[in-house]
1. Do we find that M78 is in contact (Cβ under 8 Å) with a residue 24 or more places away in the chain and part of a helix (DSSP H, G or I) in this structure?
2. Being aliphatic (A, V, I, L, M), in a loop (DSSP other than H, G, I, E, B) and surrounded by fewer than 22 Cβ atoms within 10 Å (Cβ to Cβ) is the filter here, so list the residues in segment 122-145 that pass it.
3. For the condition of a type in the set (F, W, Y) and over 25 Å from G169 (Cβ atoms), what is the one hit in F93, F11?
4. Looking at segment 41-65, which of its residues are in contact with a helix residue (DSSP H, G or I) (Cβ under 9 Å, 6 or more places away or on another chain) and modelled with pLDDT of 95 or more?
5. From the list M108, M178, pick out the single residue that is touching a helix residue (DSSP H, G or I) at 6+ places or on another chain (Cβ under 8 Å), in a helix (DSSP H, G or I) and not small (G, A, S).
6. Looking at P151 and the list (1) surrounded by 15 or more Cβ atoms within 10 Å (Cβ to Cβ); (2) in a loop (DSSP other than H, G, I, E, B), which single condition is not satisfied?
7. Output the number of the condition that A54 fails; it satisfies all remaining conditions of (1) part of a helix (DSSP H, G or I); (2) in the same structural domain as D162 (by TED's automatic domain parsing).
8. Which one of these is touching a strand residue (DSSP E or B) at 6+ places or on another chain (Cβ under 6 Å) and of a type in the set (D, E): D104, D97, D50, D36?
Amino acid sequence: MANNTKGRRDFMGMALGGFTALGGIGALYAMKRTWDPLPSVKAAGFTTIDLKDAPENVLVTEKWRGKPIFVLKQSKEMVEKAKKRKDSTAPSFTDLDRLIKIGDDYYMVAVGLCTHLGCIPGYRPETQDFLCACHGGMYNGTADVTKAPPPRGLDIPPFRIDGTKLVLGETGPEYKKMLEDGITLPV
């Protein structure tokens, strides 16, 4: 009888040890899952926009990291205006330097939040400018401020050019140059 009790005790000890090990592995797995970023957060890190069919002077709004991103393909007239006007943020440059060139076309790409208090400005295609209804601030078609109170033009999100596609969230050489030149601030 003593031998049978010892075998049963050994079995119960091994079973308890096995269940404890399984519980520990399950707890470690659950902890790891809580530390991993959510799939929605991972997906929000990068947004790819194909610009090959973008119409001129029509505002396209995308979403990146919960922020509205404005993309506006410039017409030839808009590009000519941008060549002549000095950038208010970086006066040694023209507004053309705020635009992104992809192929033969120029695009305004900006975070669609007013740099004054974070309102979302509305685009007016007939005047080719943005009006922030909160306090009357205005931006031109290149997202540079033209009427206070905004302290600077709309911010340009980090981007990389991939053919006719714009990859938001990655820092390409064009964006690095804009940062170095003081045309935009890091977002």
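1. Judged against the criteria, M78 is a match.
2. Answer for segment 122-145, where residues must be aliphatic (A, V, I, L, M), in a loop (DSSP other than H, G, I, E, B) and surrounded by fewer than 22 Cβ atoms within 10 Å (Cβ to Cβ): just A133.
3. Details: F93 fails: over 25 Å from G169 (Cβ atoms).
Answer to the selection: F11.
4. E56, N57 - these are the residues of segment 41-65 that are in contact with a helix residue (DSSP H, G or I) (Cβ under 9 Å, 6 or more places away or on another chain) and modelled with pLDDT of 95 or more.
5. The match here is M178.
6. Of (1) surrounded by 15 or more Cβ atoms within 10 Å (Cβ to Cβ); (2) in a loop (DSSP other than H, G, I, E, B), only one is false for P151: (1).
7. With (1) part of a helix (DSSP H, G or I); (2) in the same structural domain as D162 (by TED's automatic domain parsing) applied to A54, the lone miss is (1).
8. From the options D104, D97, D50, D36, the qualifying one is D50.
The values are calculated or read from the model by the stated rules, or taken from the named source; none is laboratory data. None of these values were measured; they are calculated from a predicted model. Please note: Cβ atoms are built from the backbone with ideal geometry, for glycine as well, and neighbour counts cover all protein chains shown.
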